[in-house]
Amino acid sequence: MSIENPFAAHVAHLRLHKQLKKHHREELETVLDKNWLKNTTDGNLPRWKKALAELPEVDDVAYNIDQDTVQISSSQTIDMLPHLQALMPWRKGPFEIFGTDIETEWRSDWKWQRIAPHLPNLKDLRILDVGCANGYHCWRMKAAGAQTVTGIDPGKLPVAQFLLTNHYIQDPSVAVLPMTLEEYPDNTQAHDLTFSLGVLYHRRSPLDHLEELRRTLKPGGTLVLETMVIEGKLGEALVPEGRYAKMNNVWFLPTPATLCSWLTKMGFEDPTVVDTNQTALDEQRSTEWKPGKSLADYLDPKDRNRTVEGHPAPIRATIIAKVPEAGRLKRYQE
């Protein structure tokens, strides 16, 4: 497998569909060339590159992405274990690859089951998935009928995991690109639907994140936003002074009402809370594919409704909002 320019096919696909303007495509290609397996001192990089470069070639690949476990199979006997283990830990899934079950830390299928009933029809939509990790949800979006799914994530390991799965699925209309939303070409207004799942609370400026998300969407486009929240009233939010569930990069946990008000302020219409859910211990847990600590270690052992720091345990809310059809911010029209 060639890993020097693994995103060329997807960029070409975007060009074919004229999803991005010329200057956006050029900017995208520049960032991809800079970011992929370059400018990093991560000592795991040689192991990841070797695992991808030595993937076995398989003639009769079959796959099923329209089910809880994304499955890649063959009539041949393929020993994938060393390649899959070289790309540990696997956090998002589950996957089954040539007979090897990957029991990931997160049951990402549970999140999809909560969100999917509230989504618009994804048929022929051009979707952006921000902070998509290894692309598990990207595959579910594609199975639901999306025309293109562009995932972006700055992590080299989850991108490498996606490259492994797409090496066998070989779908150029789905990609996970190694970049942050800030590096993604600005104000593309190229997507019908943008997902931001589990990203907002990592942002020091949540309103800037909402603005950046809005600028990825076409007039009339839809945002699906999932983030951690707290219970409470309009205007309230938790800003942890130290760590939250042992994470040092959690900044703002608003109430659902506060989050809806932020969305309205940033130009979205009709923000609607479609789901709230306290993360269960069997949704995020340690496995042989992600050993070590997980959610159970981050909660108070005497009160599972509190973190070890004494904050409310993680509750996640999903909000769906629209960009105005006219493409102008509502607050400027009044």
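The values are calculated or read from the model by the stated rules, or taken from the named source; none is laboratory data. Because the structure is a prediction, the values reported are computed rather than measured. A quick note on method: Cβ atoms are made from the backbone with ideal geometry, for glycine too, and the neighbour counts reach across all protein chains shown.
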| task | Scan the range 300-309 and give yes if some residue there is among the charged types (D, E, K, R) and closer than 30 Å to residue 190 by Cα, otherwise no. | result | no
| message | Checking the structure you have, find out if any residue of the range 274-286 is more than 27 Å from residue 85 (Cα to Cα) and exposed (fewer than 14 other Cβ atoms within 10 Å of the Cβ). | response | yes
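Table: residues versus (1) touching a Leu at 6+ places or on another chain (Cβ under 8 Å); (2) in a strand (DSSP E or B).
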| residue | (1), (2) |
| --- | --- |
| 272 | no, yes |
| 292 | no, no |
| 297 | no, no |
| 306 | yes, yes |
| field | Count of residues meeting criterion [modelled with pLDDT under 85 and among the charged types (D, E, K, R)] in the range 29-81 | value | 5
| task | Enumerate the pairs (first residue in the range 198-219 and on the phi < 0 side of the Ramachandran plot; second residue anywhere and in a strand (DSSP E or B) and surrounded by fewer than 20 Cβ atoms within 10 Å (Cβ to Cβ)) with beta-carbon separation below 7 Å, excluding pairs fewer than 6 apart on the same chain, so at least 6 apart or on different chains. | result | 218/192
| note | In the range 249-265, anything without any contact (Cβ under 8 Å) to a residue 60 or more places away in the chain and within 16 Å of residue 199 (Cβ to Cβ) is listed as 249, 250, 251, 252, 253, 254, 262, 263
| Right, residue 111: of a type outside the set (A, V, I, L, M, F, W, C), under 27 Å from residue 185 (Cβ atoms) and surrounded by 16 or more Cβ atoms within 10 Å (Cβ to Cβ) or not? | no
| Can we say residue 231 is of a type outside the set (Ser, Thr, Tyr), farther than 27 Å from residue 102 by Cα and not in a helix (DSSP H, G or I)? | yes
| query | Are any of the residues in the range 253-260 touching a Lys or Arg at 6+ places or on another chain (Cβ under 7 Å) and in a helix (DSSP H, G or I)? | reply | yes
| Across the range 54-78, what is the number of residues that are surrounded by fewer than 16 Cβ atoms within 10 Å (Cβ to Cβ) and over 25 Å from the mean Cα position of the chain (by Cα)? | 8
| remark: residue 233 meets each of (1) in contact with a Lys or Arg (Cβ under 6 Å, 6 or more places away or on another chain); (2) surrounded by fewer than 20 Cβ atoms within 10 Å (Cβ to Cβ) with one exception, condition (1)
| request: Please tell me if residue 216 is under 19 Å from the mean Cα position of the chain (by Cα), β-branched (Val, Ile, Thr), buried (at least 22 other Cβ atoms within 10 Å of the Cβ) and within 25 Å of residue 137 (Cα to Cα). | output: yes
| message | Can you pull out every residue in the range 294-334 that is modelled with pLDDT under 95 and of a type outside the set (Gly, Ala, Ser)? | response | 325, 328, 329, 330, 331, 332, 333, 334
| said: Can you tell me which of (1) surrounded by fewer than 21 Cβ atoms within 10 Å (Cβ to Cβ); (2) free of Cβ contacts under 8 Å to residues at least 40 places away in the same chain; (3) under 24 Å from residue 215 (Cβ atoms) is the one residue 138 doesn't meet? | reply: (1)
| request: Examine the range 288-295 for a residue that is out of contact with any Ser or Thr (no Cβ under 7 Å at 6 or more places or on another chain) and surrounded by 13 or more Cβ atoms within 10 Å (Cβ to Cβ), and state whether such a residue exists. | output: no
| What do you reckon, is residue 263 part of a helix (DSSP H, G or I), surrounded by 14 or more Cβ atoms within 10 Å (Cβ to Cβ) and in contact with a Leu (Cβ under 7 Å, 6 or more places away or on another chain)? | yes
| task | Please indicate, with yes or no, whether at least one residue in the range 191-199 is surrounded by 20 or more Cβ atoms within 10 Å (Cβ to Cβ), among the β-branched types (Val, Ile, Thr) and more than 15 Å from residue 321 (Cα to Cα). | result | yes
